[in-house]
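Beneath this line is the structure, given in structure tokens, with notes to follow.
The values are calculated or read from the model by the stated rules, or taken from the named source; none is laboratory data. All figures in this text were calculated on a predicted structure; none of them were measured in a lab. Glycine also receives a Cβ, built like all others from the backbone with ideal geometry; neighbour counts cover every protein chain displayed.
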Amino acid sequence: MIAVRGGKDVLAGSLFSLLGLAALWFARGLEYGTARQMGSGFVPRWLAVILVLLGMAIVARGFMVAGARMAGLHVRRTATILLAVIAFGFSIEPLGLVISTFICTLIGSLAGNEVRRAEVVALGAALAMFSGLVFVYGLRLPFSMWPAF
Amino acid sequence: MDVLGSLWLGLTVALQPMSILYCLIGVVIGTLIGVLPGVGPLVTIAMLLPATYFLTPVTALIMLSGIYYGAQYGGSTTAILVNLPGESSSLITCLDGHQMARAGRAGPALAVAALGSLFAGIVATFVLAFLCPVLIEVALMFGPAEYFMLMVLGLVAAVVLAQGSLLTALAMIVLGLLLGMVGTDVNTGDQRFTFGIPELLDGVGFIPLAMGLFAISEVFRSLEANDGAVVVTQKIRNLWPSKQDFLRAWPAVLRGSALGCVLGVLPGGGAMLASFVAYAAEKRFSAEPERFGQGAVEGVAAPESANNAAAQTSFVPLLTLGIPGNAVIALMAGAMMVHGIQPGPQVIESRPDLFWGLIASMLVGNVLLVIINLPLIGIWVRLLRVPYRLLFPAILVFTCIGVFSVNNLSFEVFLLALFGMAGIVFTKLDCEPAPLLLAFVVGPLMEEYFRRSLQVSRGSPLIFIERPISAALLVATTVLIAIVAVPSLGRFREQAFKG
């Protein structure tokens, strides 16, 4: 069994190599051209190759050099934060600024370490009002405040 | 070039009521976020960038730069009073600053930090004023090969001077370069990496990328560190430093300012590096090094002067060559481009009001900052009592709103989530996101210069060696890489960071 000494490195290196390979795949339709007359695929392909090589080197280092192991992933916290952003993305156009802000605050607060319900609702309302005032009335940004219906 | 005359021109721009107003807004916001731990100038500037659309380019840049160097002032307050760095560049100020506060000398510590920062800020402004025109003359001799090599050098320097593994940072740079290629290729019209998504035809948005990588992951990081309870302190009496303080601090301020000015100019350099080096140097050359860590006033004066000087001189590469040296300046470059100004050596000719107005506004800003920071300390202290659990949802919300406001595209909010996830993953894997952002900004330009260089040389890569300036830059790049790659020197670099 090969000892994995640097867990983070192995993961990071694999990620880079995968991204490099993905880039090579997606660039496959692009013209390579020559050095003198570079096609649009010339530089991306070279960069992708370099990325794959760097990734492999990092993985190798992960096996050889004692490094850090990755700490826990905290899926719940990550997912909550991202969900808050995604919820905003889905709701801003149909539901307007005030409601989206409120939803985003509510979901986002759940990622915190202590969650007090009344406080979260109050914060959500406060931020929603504040954003409406500052961004739509104050800065005149072209958002709709309220839902379209 | 008549520098003083140009500075005068700059002052007439900077002293207009709107300029002063936005300078004031910028430095107040800067101080505010500097005081609050967990919120930094990078995140704030990224959030406010879209809001600057409605300002003129001059006032926008004045405000945004005010946030940056203002944050350096604010960070020292938290460091001294609460032993927490409000800003990464104030980390080292915690050491002696908080000790002084515990000895009941918070007032003098704060005053020394503020006055040292003022001095450094003024010195740095003059350095900017005199150095930039000279560098621009040099830059005008640059052809595409030189620009390309300079950008390579800049990226490598960013890696060398950054913390963490060289290989990982290089990989982040390559990734950033690749991200910069998404979109329509200017030369051929081909679509690269767009997956048929129309919103990607113009490339990945800079704002969703920057904010996902920095703001979202910063929220995550702060929650992980459980920045909940912040302990605040005693009343601040007696603001004025003693005569002995002055005598000791004065040379430290001079040395700190000088170091800061030099280190700020280097790509990848910045306020944090400058403050660390200034503290280390001060301790090394002191007659009584054992006083450091116990409340030595030089331990506050030197890093605080250095970080302000560096924050301002980090504008040099942007204003002379159009190349950002760190992530905040990359945002400034973004701001300029958003207002239709291509950063580079031609800015001083085409928009002297912008160039000199920005530099002169730093004088105005520093004066305003001292006025704000000393008497209004009590207010800032009270702000430190806001619990993080109320603050971070606000950051999330403002980030989302900011990103959406750029192009009114929900797609970009989804990109924000994607890059937010990427930022969190990178944080967990010890990959620094700053090199990625830098590479993203300079990448398209680099490709263009590379392409042109090879066209000029008819396909021969030797052009980079044949032209003297380019060859010199290539040598410098190799030397930098060697410094990191060679193990014994690498250990020296690590020592410098453990400080």
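Hey, does segment B:90-98 have a residue that's of a type outside the set (S, T, N, Q) and modelled with pLDDT under 80? Yes, there is a match, as at least one residue in segment B:90-98 is of a type outside the set (S, T, N, Q) and modelled with pLDDT under 80. Among the residues of segment B:186-209, just one is touching a Leu at 6+ places or on another chain (Cβ under 6 Å) and of a type in the set (A, V, I, L, M), namely B:Val204. Against the conditions (1) surrounded by 23 or more Cβ atoms within 10 Å (Cβ to Cβ); (2) assigned to a helix (DSSP H, G or I); (3) without any contact (Cβ under 8 Å) to a residue 60 or more places away in the chain, B:Thr320 satisfies every one except (3). When residues in segment B:46-81 are screened for being of a type in the set (Phe, Trp, Tyr), within 19 Å of B:Ala114 (Cβ to Cβ) and either more than 15 Å from the chain's Cα centre (by Cα) or within 14 Å of chain A (Cβ to nearest Cβ) (or both), 0 of them pass. Considered as a group, the residues in segment B:64-85 that are surrounded by fewer than 24 Cβ atoms within 10 Å (Cβ to Cβ) and touching a residue at least 40 places away in the same chain (Cβ under 8 Å) include one that is nearest to B:Leu376 (Cα to Cα), and that residue is B:Val82. Residue check: A:Ala87 meets all listed conditions (1) in contact with a Cys (Cβ under 9 Å, 6 or more places away or on another chain); (2) within 8 Å of chain B (Cβ to nearest Cβ) but one, namely (2). Contact annotation: residue pairs with Cβ atoms under 9 Å, 6 or more positions apart or on different chains, pairing a residue in segment B:109-128 that is in contact (Cβ under 8 Å) with a residue 40 or more places away in the chain with a partner that is β-branched (Val, Ile, Thr) and not in a helix (DSSP H, G or I), are B:Ala109/B:Val297; B:Leu110/B:Ile236; B:Val112/B:Val297.
Report yes if A:Val75 is surrounded by fewer than 19 Cβ atoms within 10 Å (Cβ to Cβ) and more than 7 Å from chain B (Cβ to nearest Cβ), otherwise no. Spelling it out, A:Val75 is indeed surrounded by fewer than 19 Cβ atoms within 10 Å (Cβ to Cβ) and more than 7 Å from chain B (Cβ to nearest Cβ).
Filtering segment B:11-41 to residues that are touching an Asp or Glu at 6+ places or on another chain (Cβ under 8 Å) and in a helix (DSSP H, G or I) leaves B:Val13, B:Gly34, B:Pro41.
Considering segment A:17-32, the residues that are outside any loop (DSSP other than H, G, I, E, B) and more than 7 Å from chain B (Cβ to nearest Cβ) include one that is farthest from B:Leu454 (Cα to Cα), namely A:Leu18. Consider segment B:345-394 and keep the residues that are small (Gly, Ala, Ser) and surrounded by fewer than 23 Cβ atoms within 10 Å (Cβ to Cβ). The one that is farthest from A:Val115 (Cα to Cα) is B:Ser350. From the list B:Leu445, B:Leu462, the lone residue that is without any contact (Cβ under 8 Å) to a residue 24 or more places away in the chain, over 13 Å from B:Gly212 (Cα atoms) and either buried (at least 21 other Cβ atoms within 10 Å of the Cβ) or more than 7 Å from every other protein chain (Cβ to nearest Cβ) (or both) is B:Leu462.
Of all positions in segment B:69-84, at least one carries a residue that is farther than 16 Å from B:Ile377 by Cα and part of a helix (DSSP H, G or I). Can you tell me which of B:Ala101, B:Ala169 is touching a helix residue (DSSP H, G or I) at 6+ places or on another chain (Cβ under 6 Å) and over 30 Å from B:Asp430 (Cα atoms)? Just a single option satisfies the conditions, and that option is B:Ala101. Has segment B:371-392 got at least one residue that is within 20 Å of the chain's Cα centre (by Cα), assigned to a helix (DSSP H, G or I) and touching a residue at least 24 places away in the same chain (Cβ under 8 Å)? No.
Take segment A:108-125 and flag every residue that is part of a helix (DSSP H, G or I) and within 9 Å of chain B (Cβ to nearest Cβ).
Of segment A:108-125, the ones part of a helix (DSSP H, G or I) are A:108-109, A:117-125.
Once the filter is applied, which keeps residues that are part of a helix (DSSP H, G or I) and within 9 Å of chain B (Cβ to nearest Cβ), segment A:108-125 yields A:Gly108, A:Ser109, A:Glu119, A:Val120, A:Leu123, A:Gly124.
B:Val174 passes every criterion in (1) touching a strand residue (DSSP E or B) at 6+ places or on another chain (Cβ under 8 Å); (2) farther than 26 Å from A:Arg77 by Cβ apart from (1).
Considered as a group, the residues in segment B:406-429 that are hydrophobic (A, V, I, L, M, F, W, C) and at the interface with chain A (Cβ under 7 Å from one of its Cβ atoms) include one that is farthest from A:Lys8 (Cα to Cα), and that residue is B:Val413.
What residue, of A:Ala12, A:Ala35, A:Ala68, is within 8 Å of chain B (Cβ to nearest Cβ), within 23 Å of B:Met172 (Cβ to Cβ), modelled with pLDDT under 90 and part of a loop (DSSP other than H, G, I, E, B)?
Values: A:Ala12 fails: part of a loop (DSSP other than H, G, I, E, B); A:Ala35 fails: within 23 Å of B:Met172 (Cβ to Cβ).
Within the list A:Ala12, A:Ala35, A:Ala68, the selection yields A:Ala68.
Between B:Gly116, B:Gly97, B:Gly104, the distinction of being of a type outside the set (Val, Ile, Thr), farther than 26 Å from B:Leu331 by Cα and surrounded by fewer than 21 Cβ atoms within 10 Å (Cβ to Cβ) belongs to B:Gly104 only. When each of B:Ser117, B:Ser89, B:Ser65 is tested for being touching a helix residue (DSSP H, G or I) at 6+ places or on another chain (Cβ under 7 Å), among the small types (Gly, Ala, Ser) and over 28 Å from B:Gly344 (Cα atoms), the lone residue that passes is B:Ser117.
May I ask you to list the residues in segment B:210-227 that are aliphatic (A, V, I, L, M) and in contact with a Leu (Cβ under 9 Å, 6 or more places away or on another chain)? Across segment B:210-227, the qualifying residues are B:Ala210, B:Met211, B:Leu213, B:Ala215, B:Ile216, B:Val219.
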